[in-house]
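The values are calculated or read from the model by the stated rules, or taken from the named source; none is laboratory data. In this text, all values refer to a predicted model and were calculated from it rather than measured experimentally. With ideal geometry, Cβ positions are generated from the backbone for all residues, glycine too; neighbour counts draw on all protein chains shown.
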Amino acid sequence: MRREVKIMANKEEVKIILREEMNSRGWLDNDYRAGLAAIVGGESNFEPKYELGYTHTSNSRIRRIFPSRVKGMSDEELNAVKESDETWFNFVYGGEFGRENLGNIEVGDGFKFRGGGLNQLTGRDNYGRYGPKVGVDLLENPELINNPRVAAAVAVEYMKDRFKGGNFDDMKRAVGVSVGEPDAEKNRLYVEYMNNKEWDYDGEKVKEVGKVVESEGEKIKILNKGDIGNEVKELQTLLGGLDVDGNFGRLTHKRVRDFQKEKGLVSDGVVGTLTWKVLREKE
């Protein structure tokens, strides 16, 4: 079967998605909202993506960022390792360090589970921990970390899990190492967001990512392209012919529209009460 492709979104669309995930997942304190947004801005500039390689990074900078893992290496050895992204990430996130700190127990895990998403989630353990929290299998489908909805949900759940209270410096420490230009950008954004109130909770009712309605005594979650979670898995199972990964992407959207057209429904790709009813009658 073909796998869902990642859903593209521009920076402003990602900001909207992140706000929705903060709201629906109960991240409502205005200071903390500004802090999380600033960290995401500094880590990824609101673009879900994999960590950049270090091919063009000076060895002196690499030695400052990864002192313990490159200790004793000559410049020639370091140049050889950083020449390939795959070789680099398997080196820096593999071996004894990767096993003990990231749960990277298999050959290739360092590259497979390199930093990704909005907050640069790293390591097999983290992918395995936060995938279920947002309704997807990141161990089997690690590329989903760069789906905007998944990336935003993971960023919120990670902070909820790791941040135990305190100030912005404590929030940064909860995410991991923060040095140099990215750290300066996080600090700049935090001041900006605290001043302009861009990320303040707007008082709208906290709700599910998809609207939940009641139909014939049963609660129904209306689904649309971009949604994730167990309801999407149920939808994919009922439709058939799809990877059941909990990601409502392009292929699932097309399959929904085809099904609606086949059944004489409005072919808009939105799974509302009538589409759910017809789907469940198939069982």
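So the values come out like this:
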{"quantity": "Pairs where the first residue, in the stretch 99-119, is within 17 Å of TRP88 (Cα to Cα) and in contact (Cβ under 8 Å) with a residue 24 or more places away in the chain and the second is surrounded by 24 or more Cβ atoms within 10 Å (Cβ to Cβ) and of a type in the set (Phe, Trp, Tyr), C-beta under 7 Å, 6+ apart", "calculated": "LEU102/TYR93; PHE111/PHE89; PHE113/TYR127; ARG114/PHE89; ARG114/TYR93"}
{"quantity": "Search result, residues across the stretch 15-65 that are touching a Phe, Trp or Tyr at 6+ places or on another chain (Cβ under 7 Å), part of a loop (DSSP other than H, G, I, E, B) and either outside the structural domain of ILE145 (by TED's automatic domain parsing) or without any contact (Cβ under 8 Å) to a residue 60 or more places away in the chain (or both)", "calculated": "GLY53, TYR54"}
{"quantity": "Residue count, the stretch 240-283 (criterion: within 28 Å of the chain's Cα centre (by Cα), surrounded by fewer than 18 Cβ atoms within 10 Å (Cβ to Cβ) and not in a loop (DSSP other than H, G, I, E, B))", "calculated": "4"}
{"quantity": "Pairs, first over 15 Å from HIS56 (Cα atoms) in the stretch 85-96, second charged (D, E, K, R), C-beta under 7 Å, six or more apart", "calculated": "VAL92/ARG69; TYR93/ARG114; GLY94/ASP109"}
{"quantity": "Residue list for the stretch 237-266, filter: polar (S, T, N, Q) and either assigned by TED's automatic domain parsing to the domain that holds ALA153 or within 21 Å of ALA151 (Cα to Cα) (or both)", "calculated": "ASN247, THR252"}
{"quantity": "Residue list for the stretch 118-133, filter: over 21 Å from GLU96 (Cα atoms) and either of a type in the set (Phe, Trp, Tyr) or touching a Leu at 6+ places or on another chain (Cβ under 9 Å) (or both)", "calculated": "LEU118, ASN119, TYR130, GLY131, PRO132"}
{"quantity": "Selected residue [at pLDDT 95 or above and over 30 Å from GLU192 (Cβ atoms)] from LEU138, LEU118", "calculated": "LEU138"}
{"quantity": "Out of GLY131, GLY123, GLY116, sole residue that is in contact with a Gly (Cβ under 8 Å, 6 or more places away or on another chain), of a type outside the set (Lys, Arg) and surrounded by 15 or more Cβ atoms within 10 Å (Cβ to Cβ)", "calculated": "GLY123"}
{"quantity": "Some residue of the stretch 124-131 being part of a loop (DSSP other than H, G, I, E, B) and either in contact with a His (Cβ under 7 Å, 6 or more places away or on another chain) or not assigned by TED's automatic domain parsing to the domain that holds ILE222 (or both)", "calculated": "no"}
{"quantity": "Output for the stretch 76-101, where each listed residue is surrounded by fewer than 16 Cβ atoms within 10 Å (Cβ to Cβ) and not in a helix (DSSP H, G or I)", "calculated": "GLU83, SER84"}
{"quantity": "Selection count, the stretch 128-178, where residues are free of Cβ contacts under 8 Å to residues at least 40 places away in the same chain and aromatic (Phe, Trp, Tyr)", "calculated": "2"}
{"quantity": "Checking SER44 against (1) of a type in the set (Gly, Ala, Ser); (2) over 24 Å from ASP85 (Cα atoms); (3) surrounded by 17 or more Cβ atoms within 10 Å (Cβ to Cβ), the condition it does not meet", "calculated": "(2)"}
{"quantity": "Tally of residues being outside any helix (DSSP H, G or I) and either on the phi < 0 side of the Ramachandran plot or out of contact with any helix residue (DSSP H, G or I) (no Cβ under 9 Å at 6 or more places or on another chain) (or both) across the stretch 132-164", "calculated": "9"}
